[in-house]
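Notes follow once the structure below has been shown.
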Amino acid sequence: MHVMIFGCGYSGTAIARAFAGDGVRISGTTRSAEKMDALGQAGIEAYLFDGETLDEGLIQALADVTHLVQSIAPGKADPLLRLLGEDSASLLPSLEWIGYLSTVGVYGDHKGAWIDEETPCVPVSARSKERLEAEAGWLATGRQRGVPAAVLRLSGIYGPGRNAFCNLEKGTARRLIKKDQVFNRIRVEDIGAATRFLSDHSLGGLYNITDNRPGPPQDVIVEAARLMGVEPPPEQAFETAELTPMARSFYGENKRVSNAKLKAAGFEFSFPDYPMSLAQLWQGGRWRS
């Protein structure tokens, strides 16, 4: 097995860990020469990829890739789909499975209602519309190649080194209050495990990779502060808070995302809700990294 992860960042590295084992070759791309060493230390063969060209070394590495994971945001178009074009069969002759990391943002706003993979997508932001187009492109590539292509729609990602404890320690945590607003989340290790599960079972199609417990974002901050034994930041009204346009746009989408399809396939989440997950991070002392 040769797993190639395009855009091997926070989630991609967790996916690499989930696949690691005897007889598994793992490769990953990064835009930064500085990050190549860190990937190498994690046991990942590192390749530079700027989203514009496939260099000769990367083309040679693709020749025996069996499992392709794409996590690079599309921009105006998916960079890898554009480069593969009609040549995916010659560039990826050994391909057995495709995984594309997308976002629950493609669903748009459903005013707090429960949604699943059958719910129509009404994306609000341009980036979510681009994700939806990329999803369609990868599903079509899977059909053309006769291999399963799984679209993993991820909710808000957190885990070691990226969580409410870190934000509280840095003083950047905010307790924004918007009436009836809820979000789902997903622990990064469960992203890795879900990707491995879908590939091991040769599953394709749409899957929500999300926890069991959508909830108000301020509740996560309060729970983390309780575990740390510190005072949570003061409440701020969302309407009058200073936010970047991107941060504000997240609050324009309100939904409860179901993971029932993935669980029905047999997957078991290690971190099914944020209270137990935060407790595990804190008690294990792994929240910083």
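In the range 172-260, counting only strands (runs of 3 or more DSSP E) that sit wholly within it, the ones holding 3 or more residues that are surrounded by fewer than 17 Cβ atoms within 10 Å (Cβ to Cβ) span 235-237. Looking only at residues of the range 141-170 that are more than 27 Å from residue 121 (Cβ to Cβ) and either modelled with pLDDT under 95 or in contact with a Ser or Thr (Cβ under 7 Å, 6 or more places away or on another chain) (or both), we find that the one that is most open to solvent (accessible area, probe 1.4 Å) is 161.
Considering the range 83-101, the residues that are of a type in the set (A, V, I, L, M, F, W, C) and over 18 Å from the mean Cα position of the chain (by Cα) include one that is surrounded by the fewest Cβ atoms within 10 Å (Cβ to Cβ), namely 89.
Within the range 179-199, the presence of at least one residue that is touching a strand residue (DSSP E or B) at 6+ places or on another chain (Cβ under 8 Å) and of a type in the set (Gly, Ala, Ser) is confirmed.
When the range 102-123 is filtered for residues that are β-branched (Val, Ile, Thr), buried (at least 16 other Cβ atoms within 10 Å of the Cβ) and closer than 22 Å to residue 72 by Cα, the ones remaining, listed by number, are 103, 104, 106.
Among the conditions (1) open to solvent by less than 30 Å² (accessible area, probe 1.4 Å); (2) under 20 Å from residue 84 (Cα atoms); (3) aromatic (Phe, Trp, Tyr), the only one that residue 47 does not satisfy is (1).
Scanning the range 21-42 for residues that are in contact with a strand residue (DSSP E or B) (Cβ under 8 Å, 6 or more places away or on another chain) and surrounded by 14 or more Cβ atoms within 10 Å (Cβ to Cβ) turns up 24, 25, 26, 27, 28, 29, 30, 35, 36, 39.
The values are calculated or read from the model by the stated rules, or taken from the named source; none is laboratory data. Nothing here was measured: the structure is a model prediction, and the numbers come from that model. In this analysis, Cβ positions are derived from the backbone assuming ideal geometry, glycine residues included, and neighbour counts consider all displayed protein chains. For accessibility, only protein heavy atoms count, side chains too; no ligands or nucleic acids. Shrake-Rupley method; radii C 1.70, N 1.55, O 1.52, S 1.80 Å.
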